[in-house]
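The values are calculated or read from the model by the stated rules, or taken from the named source; none is laboratory data. Computed from a predicted model, the values in this text were never measured in an experiment. Neighbour counts run over all protein chains shown; Cβ positions are idealised from the backbone, glycine included.
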Amino acid sequence: MEQFFRQYWEMLLGRLHGPLAFRFVLRPLVVIIMACRAGVKDARQGSPAYGWAVLTNAADRRNLLRHGWSEIAKVFTVAVAIDMLYEIIVFGRIYPGQSLIVATLLAVLPYPFVRGLVNRGVHRWRRRSQKARGLLRPGSSSRPTQF
């Protein structure tokens, strides 16, 4: 059993080199771009950071997760397919569990983190620009004053 886990772990780590190594850059890059777009949209709508909202807002958690999954489902599917192609080329067979682990680590986990960071960054940037233009009173919320 120990040899099985050692071989499994070595196969996972061995994916960093060899054919199709660009996938370790391409997949996270696509996820980061998608998360940035969603984070900017969230900030413009005044929504809280995505990951935080999923953890703390039990009422909307299901909708938030559904929306987040619809954003990255295509990338996740392509990530699994590319990893399976790698497995066929290198190992001569498919290891679906490893493909799911790699696709999850590279496509699913970074999404809520990046989306939340972008949301907070855009929110702060918009607030500063509103203060600079005199649209926001010191100590008030991020909503501009109505004239």
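Of all residues in the range 33-44, those being within 10 Å of the chain's Cα centre (by Cα) and surrounded by fewer than 17 Cβ atoms within 10 Å (Cβ to Cβ) number 1. A single member of Val90, Val75 is at pLDDT below 85, over 19 Å from Arg44 (Cα atoms) and out of contact with any helix residue (DSSP H, G or I) (no Cβ under 6 Å at 6 or more places or on another chain), and it is Val90.
Screening Thr145 against (1) modelled with pLDDT of 85 or more; (2) farther than 24 Å from Ala21 by Cα leaves a single unmet condition, (1).
Conditions (1) of a type outside the set (D, E, K, R); (2) closer than 30 Å to Met11 by Cβ; (3) in contact (Cβ under 8 Å) with a residue 40 or more places away in the chain, marked per residue:
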site: Ser70; (1), (2), (3): yes, no, no
site: Ala103; (1), (2), (3): yes, yes, yes
site: Val114; (1), (2), (3): yes, yes, yes
site: Lys131; (1), (2), (3): no, no, no
